Amino acid sequence: MSRKIILKFISIFFVSIQTLNPVFSQQTKTLTLIEAIDLSLKNSKQLKAGSARIDQAVAAVIDAENNRLPGFTVSGSYLRLLSPNVNLKIKSNNNNGGTGGTTGSTPKVSQALYGIANASYPLYTGGRIRYGIESAKYLEEAAKLDVDNNKNAVVLNTMNAYTNLYKANAAIAVIKQNLESSRQRDTSFSHLEQNGLLARNDLLKTELQTSNIELNLLDAENNRSLATINMDLILGLPENTEIIIDPNSFKTVSTTTAMLDYEQLALQNRKDMQAVAYRKKAAETGIKSARSLAYPNIVLTGGYVAADVPNLVTITNAINAGIGVQYNLSSLWKKNSQLMLAKARVAEFEANQEELYDAVRLEISEGYQNYHITLKKTEVYQKTLTQSEENYRITKNKYDNSLVTINDLLDADVALLQARLNVAAAQADAILAYNKLLQTTGTLSSTYNK
């Protein structure tokens, strides 16, 4: 076998490998909108972070509840002493029965060993423990509601990405169809130009429009690639996964619900509004807890002590029990800054509630108006498509009869292409606008995640 044949074989082999590589590396996955939403909820990093915050809030509740349980500590030490000076001031009886001076000999102490066990149980703390548990539980509920609110955002983000991918595919299909027609027209006009029936300049105009359509196709394919990568990241799929959209996921939704009804839905279902309400309750509980600082603490205590100092003392069975009282007298003349801080927090959450309510009303109003405008635009786009098709047909007939110029024909073709693109995207935009409206009421995730 000659060297030229071998090199040719190697070249064909590598070309074949490069051609087949995308086939083996790229995955294809068909997804309905519901399946995409389920995947995004399962793999959302935002929801995983929210779940971790719930775990933190649960731990805070457990920590607060632990404060009302008995405390028990055990400690012990072994000490090695280096020739200490020990002088015991202990009076002892002399041989005559009288009281004499101090003991005559000093013990040699070189080590010491002791152990202490203490137990305590809070009898009364002015309500601080109870209020701490109550506040922690309110914050736990707020953290759970934050995650539920984030679910609505994740669902809407998924729908937005799914819609963009659908629109990108629809745009490619329409542009390819238009490009095929334009190329056929170029072929037909080229024959006419070769036979002297068409000016060279007119042929160049049609070929230029074909080139513009090819550029539009490149932009559309680039948009689809970016939309696919975005969708893969949202769903937690490999970036080379090609997603096939289900067109049946986009069905026009018609609703006659009044805007006030959507506002009522928002008041009942908006998780962020409920979360702010729980945080306000936690702040109000903080006021009660701050006021309890003016009351004393009463604790039941008990303990056991054992010690052994060789040549000096041994202590066993030293059991103690009692009641301890602690009261901060300085609270009588110092201002309660904790109470002032708690009241300021309550005032802040009240303002946040009012601000959020106004923002929700504005979101609902914008979403409601946008949805109905989108429905009207869909009707107009459909009507425009019918008009554009008829306009192109009439212009084409006039051009064939030399009644209009090539510019008029190309303008009619561009108008038809734009009308088809608008119609292809209009239905998906209407569905997305409706779901954005649902998101403002806090019911989007419950509608699709059942």
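Being of a type in the set (Phe, Trp, Tyr) and assigned to a strand (DSSP E or B) is true for just one of 114, 131, 138. Which residue is that?
Selected residue: 114, the only one of 114, 131, 138 that is of a type in the set (Phe, Trp, Tyr) and assigned to a strand (DSSP E or B).
Here's the yes/no breakdown for (1) closer than 20 Å to residue 404 by Cβ; (2) free of Cβ contacts under 8 Å to residues at least 60 places away in the same chain; (3) within 30 Å of the chain's Cα centre (by Cα):
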{"site": "175", "(1), (2), (3)": "no, no, no"}
{"site": "187", "(1), (2), (3)": "no, yes, no"}
{"site": "207", "(1), (2), (3)": "yes, yes, no"}
{"site": "245", "(1), (2), (3)": "no, no, yes"}
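If you take the residues of the stretch 300-311 that are hydrophobic (A, V, I, L, M, F, W, C) and surrounded by fewer than 18 Cβ atoms within 10 Å (Cβ to Cβ), which of them is nearest to residue 80 (Cα to Cα)?
307
Yes/no matrix, rows are residues, columns are (1) farther than 22 Å from residue 147 by Cβ; (2) of a type in the set (A, V, I, L, M, F, W, C):
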site: 257; (1), (2): yes, no
site: 263; (1), (2): yes, no
site: 274; (1), (2): no, no
site: 279; (1), (2): no, no
site: 282; (1), (2): no, yes
site: 287; (1), (2): yes, yes
site: 296; (1), (2): yes, no
site: 301; (1), (2): yes, no
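Determine whether the stretch 12-24 contains at least one residue that is modelled with pLDDT of 50 or more and of a type in the set (Gly, Ala, Ser).
no
In this structure, is residue 381 more than 28 Å from the chain's Cα centre (by Cα), farther than 12 Å from residue 434 by Cα and among the hydroxyl-bearing types (Ser, Thr, Tyr)?
yes
Does residue 123 satisfy the criteria of being within 60 Å of the chain's Cα centre (by Cα), exposed (fewer than 14 other Cβ atoms within 10 Å of the Cβ) and at pLDDT below 90?
Spelling it out, residue 123 is indeed within 60 Å of the chain's Cα centre (by Cα), exposed (fewer than 14 other Cβ atoms within 10 Å of the Cβ) and at pLDDT below 90.
For the structure I just gave you, tell me whether residue 278 is of a type in the set (Phe, Trp, Tyr), touching a helix residue (DSSP H, G or I) at 6+ places or on another chain (Cβ under 8 Å), over 30 Å from residue 429 (Cα atoms) and touching a residue at least 24 places away in the same chain (Cβ under 8 Å).
So residue 278 fits the description; yes.
When the stretch 368-409 is examined, which residues are found to be closer than 16 Å to residue 420 by Cα, among the hydrophobic types (A, V, I, L, M, F, W, C) and surrounded by 15 or more Cβ atoms within 10 Å (Cβ to Cβ)?
Within the stretch 368-409, just 385 meets the criteria.
So how many residues does the stretch 257-277 have that are surrounded by 19 or more Cβ atoms within 10 Å (Cβ to Cβ) and farther than 20 Å from residue 444 by Cβ?
Final tally of qualifying residues: 0.
Would you please name the residue that is modelled with the lowest pLDDT, looking only at residues in the stretch 192-207 that are surrounded by 12 or more Cβ atoms within 10 Å (Cβ to Cβ) and not charged (D, E, K, R)?
If we take residues in the stretch 192-207 being surrounded by 12 or more Cβ atoms within 10 Å (Cβ to Cβ) and not charged (D, E, K, R), then 198 is modelled with the lowest pLDDT.
Which condition number in (1) touching a Lys or Arg at 6+ places or on another chain (Cβ under 8 Å); (2) surrounded by 13 or more Cβ atoms within 10 Å (Cβ to Cβ) is the one that residue 244 fails?
Against the list (1) touching a Lys or Arg at 6+ places or on another chain (Cβ under 8 Å); (2) surrounded by 13 or more Cβ atoms within 10 Å (Cβ to Cβ), residue 244 comes up short only on (2).
If the requirement is being within 47 Å of the chain's Cα centre (by Cα), outside any helix (DSSP H, G or I) and touching a residue at least 12 places away in the same chain (Cβ under 8 Å), which of these qualifies: 323, 319, 298?
Exactly one residue qualifies, and that residue is 298.
Can you tell which of 216, 169 is part of a helix (DSSP H, G or I), surrounded by 16 or more Cβ atoms within 10 Å (Cβ to Cβ) and either in contact with a strand residue (DSSP E or B) (Cβ under 7 Å, 6 or more places away or on another chain) or not polar (S, T, N, Q) (or both)?
169
Surrounded by 18 or more Cβ atoms within 10 Å (Cβ to Cβ), of a type outside the set (A, V, I, L, M, F, W, C), under 30 Å from residue 138 (Cα atoms) and at pLDDT 90 or above: is that true of residue 224 in this structure?
Considered against the rule, which asks whether it is surrounded by 18 or more Cβ atoms within 10 Å (Cβ to Cβ), of a type outside the set (A, V, I, L, M, F, W, C), under 30 Å from residue 138 (Cα atoms) and at pLDDT 90 or above, residue 224 comes out as no.
Return the residues of the stretch 312-339 that are surrounded by fewer than 11 Cβ atoms within 10 Å (Cβ to Cβ) and not β-branched (Val, Ile, Thr); say none if nothing qualifies.
317, 320, 321, 322, 326, 329, 330, 332, 333, 334, 335, 337
State yes or no: is residue 168 over 30 Å from residue 414 (Cα atoms) and more than 18 Å from the chain's Cα centre (by Cα)?
No, not satisfied.
Going by the structure shown, is residue 410 at pLDDT below 90 and not aromatic (Phe, Trp, Tyr)?
Answer is yes for this residue.
The values are calculated or read from the model by the stated rules, or taken from the named source; none is laboratory data. Given the structure is predicted, the values throughout are model-derived calculations rather than measurements. So basically every Cβ, Gly included, is an ideal-geometry build from the backbone, and we count neighbours across all protein chains shown.
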